[in-house]
Amino acid sequence: MISPTTRGWGSFRLCRWRKDKPRPQVPRLTTKDLPKTDRIIIIFVMSKIVGYMVTWTTYGSWLPGDNRGYVKEGRILPADNKLLQANKARQKSPTVKLKAQEKKIVRKEILAEAKKIGHEIIVLAVCTNHIHLLARPHSQSIEDLAGKYKSLTTRALWKYGREGRIWTKGYDKRFCFSEDELIQRTRYVNKHNLG
C-alpha cells in the first residue's frame, strides 16, 4: 500500500513503501537527485503539473537548525539549536532583511523579467526574508528561472546600494497537480502579501 504522504518530484511522485508490505511490480529507478534511501520507488503519474511554488530566502535569515524548522531535500526538519549555532558561525556576511523599498525593487525586477520571457506568475510575495513565487510551467527549468530571478534582483539591489550576498543558495519547490492545489497555494502566498 502507498504511504499517504507522497511528494511531487519532477513529473513523478515519490512513495515510501513499508518494509513489511510486498513491493509492487514496477521498475525501480534511481537518480542522483533523490534522497538516499533503499526504500524509494518511483511511480510515474499521468497527471500534468499545472503549476509550482518556488521559495527562496534572504542570506542568513533561515538557516538549517532554525527554531521554525527548515527544509532539506524537500523535507521539513525540526529545530536543532546546535546546528543553528554552527551555521551562524560559518556565516560570511550579515543576515539580510529587505526594507520596504528593496522589496518593491525585487518585485518589479521579477515581474518585468517574467513578462519579457512569457513566464506566467500567478502570485508573488516578496517578504523581508523570503520570496514565494507561484507560477505556471514554462519552457525554462525552475532551476534556471529561480537563478535568473535571483541574479537580476541581486544586481538591482546592488545598484540601489545593498552590498554583499542577498540570497541563500538554492530554493524549495512544490508542485501543483490540480487547479485545487493551485488555489490552495495561491491563498497561502496571498497571506504573505497581507503583512
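The values are calculated or read from the model by the stated rules, or taken from the named source; none is laboratory data. Everything numeric in this text was worked out from a predicted model, so none of it was measured. Here the Cβ is made from the backbone with ideal geometry for all residues, glycine too, and neighbour counts use every protein chain on show.
For Lys103, indicate whether it is surrounded by fewer than 17 Cβ atoms within 10 Å (Cβ to Cβ), farther than 19 Å from Tyr188 by Cβ and either in contact (Cβ under 8 Å) with a residue 60 or more places away in the chain or not hydrophobic (A, V, I, L, M, F, W, C) (or both).
In short, no.
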Requested in this report: Inspect all residues belonging to the range 61-82 and state whether any of them is part of a helix (DSSP H, G or I) and either loosely packed, with under 12 Cβ neighbours inside 10 Å or of a type in the set (Phe, Trp, Tyr) (or both).
Outcome: yes
Requested in this report: Taking Trp56 as meeting all but one of (1) part of a loop (DSSP other than H, G, I, E, B); (2) closer than 25 Å to Asn81 by Cα; (3) at pLDDT 85 or above, write down the number of the exception.
Outcome: (1)
Query - Test result for Ile76, outside the structural domain of Leu145 (by TED's automatic domain parsing) and within 17 Å of the chain's Cα centre (by Cα) - result: yes
Report summary line: Considering residues that are closer than 17 Å to Thr55 by Cβ and without any contact (Cβ under 8 Å) to a residue 12 or more places away in the chain, the number found within the range 152-190 is 3
Query raised in the report: Taking the range 128-153 as the region of interest, how many residues are surrounded by fewer than 17 Cβ atoms within 10 Å (Cβ to Cβ), in a helix (DSSP H, G or I) and not small (Gly, Ala, Ser)?
Result: 4
**Report entry** Selection from the range 115-127 of residues that are outside any helix (DSSP H, G or I) and among the aliphatic types (A, V, I, L, M)
**Finding:** Ile121, Ile122, Val123, Leu124, Ala125, Val126
